[in-house]
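Beneath this line is the structure, given in structure tokens, with notes to follow.
The values are calculated or read from the model by the stated rules, or taken from the named source; none is laboratory data. Not measured: the values here are computed from a predicted model. Cβ sites come from the backbone with ideal geometry, for glycine too, and all protein chains shown count toward neighbours. Areas reflect the complete protein model, heavy atoms only, side chains present, ligands, DNA and RNA absent. Shrake-Rupley method; radii C 1.70, N 1.55, O 1.52, S 1.80 Å.
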Amino acid sequence: MATEVKVPVLGESITEATVGEWLKNPGDPVRVDEPIASLETDKVSVEVPSPVAGVMGEQIVKVGDTVEVGAVIAIIAGEGAAAAPAAAPAAAAPAATPAPAAAPAPSADAAALSPSVRRAVLETGVDPSTVQGTGKDGRLTKDDVIAAASSKPAAAAPAAAPAPAAAPAATGGRKEERVRMTRLRQTVAKRLKEAQNTAAMLTTFNDVDMTAVIEARAKYKDLFEKKHGVRLGFMGFFVKAACMALKDIPGVNGSIEGDEIVYHDYCDVSVAVSAPQGLVVPVIRDAQDLSVAGIERTIGDFGKRAKDGTLKMDEMKGGTFTISNGGVFGSLMSTPIINPPQSAVLGLHRIEDRPVVRNGQVVVRPMMYLALSYDHRLVDGREAVTFLVAIKNAIEDPTRLLIDL
């Protein structure tokens with residue numbers, strides 16, 4: 001008996017998705033609720049589980065196809081049919097001695113990889129069949145391929161001697177690759193361009209001396225991790241500082257809806273975290289009520305689930321203010337783009353030692369540039385500068401976070 005697999009309900013206002021990858025190939029055994037496909041929506045990837053146990057049958061749609069909620073994407077044959085596909089290769093094996101047919105298996109596996117992983121495989125030349133996946137259900141991630149590529153030269157140096165013979169042939173080649181934009185990337189592109197077309201964006205800068213926070217982190221990080229089960233990072237301090245500043249400058253925490261301004265008396269802070277398919281922006285709800293430990297726990301959980309692809313769509317909606325930390329990638333300075341309908345975004349950057357003047361003396365301090373991009377229709381320059389100075393003061397003197405100054 002065959003069972004149809006349909007696109008599940010994807011969330012409020014989301015009616016379609018793109019087929020990101022097939023997790024099962026025709027003929028593979030399938031358990032109840034085992035994921036057989038991954039769909040990409042505007043915000044996150046969603047796995048489609050099998051409603052029954054059996055054997056993976058026909059794949060009705062291809063990777064990259066757009067499918068609507070309720071559409072049939074695959075057929076699962078009943079468990080009784082499992083014996084037929086499984087028995088056919090077994091019977092054919094004795095008759096067809098050509099065991100070399102097993103060789104194409106790695107390329108079949110490679111074809112089932114997600115677009116980002118497949119591209120990493122092409123760029124690095126890593127054989128995906130030799131890499132142990134760390135993603136959900138042991139699937140290969142882009143980070144796995146990059147890690148394997150970085151460790152490859154040391155291990156394969158002796159064996160790589162024949163490679164120079166092939167290299168000259170490739171020197172004159174000019175290659176191009178066309179990769180379809182993921183739905184997430186399409187949505188990001190659309191929203192960012194919409195923000196530029198709609199908002200009157202302006203960016204103001206400041207720098208902050210990270211000495212006090214670095215010293216506090218070094219002094220308490222072991223006790224903090226032992227008590228709370230999470231590492232003490234810098235984001236906890238910045239989120240707390242932002243919540244204090246948002247309370248003092250409510251326009252930065254507001255949004256424009258039609259001809260009305262909406263002010264929020266709560267701080268739902270969106271934080272950009274890295275995921276295999278790109279940056280995603282989950283929301284820390286009611287951040288003003290959380291401790292530094294609570295904030296760090298929430299961010300750590302977001303980061304882990306972003307890598308596993310298990311973030312929920314509801315966790316990406318409704319932020320009132322965004323913090324983006326480009327410093328983890330080495331960025332010195334940037335002009336971040338606001339995330340509509342929010343009115344502002346705070347950009348953090350790398351920390352580096354720079355000479356500064358303190359009490360008439362030139363000293364070296366760990367400094368970070370801060371950037372606040374804001375919608376000038378709602379936030380005046382004075383308010384933007386005041387907000388950024390409040391962040392700076394709280395980070396340079398973390399005691400202010402305790403006594404709400």
As an exercise: evaluate HIS376 against (1) surrounded by 15 or more Cβ atoms within 10 Å (Cβ to Cβ); (2) in contact with a strand residue (DSSP E or B) (Cβ under 9 Å, 6 or more places away or on another chain) and give the number of the one condition it does not meet.
(1)
Can you work out which of the residues in region 49-65 that are surrounded by fewer than 20 Cβ atoms within 10 Å (Cβ to Cβ) and more than 30 Å from ALA272 (Cα to Cα) is nearest to the chain's Cα centre (by Cα)?
LYS62
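For (1) outside any strand (DSSP E or B); (2) loosely packed, with under 14 Cβ neighbours inside 10 Å; (3) modelled with pLDDT under 75; (4) within 26 Å of the chain's Cα centre (by Cα), each residue gets a yes or a no:
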position	(1), (2), (3), (4)
GLY20	no, no, no, yes
ASN25	yes, yes, no, no
ASP33	yes, yes, no, yes
GLU47	no, no, no, yes
VAL67	no, no, no, yes
ILE76	no, no, no, no
GLY80	yes, yes, yes, no
PRO89	yes, yes, yes, no
THR97	yes, yes, yes, no
So the strands (runs of 3 or more DSSP E) completely within region 193-309 holding 2 or more residues that are over 20 Å from ALA371 (Cβ atoms) and either open to solvent by 10 Å² or more (accessible area, probe 1.4 Å) or modelled with pLDDT of 90 or more (or both) are 255-257, 260-262
Quick check: is even one residue across region 329-350 of a type in the set (Phe, Trp, Tyr) and open to solvent by less than 60 Å² (accessible area, probe 1.4 Å)?
no
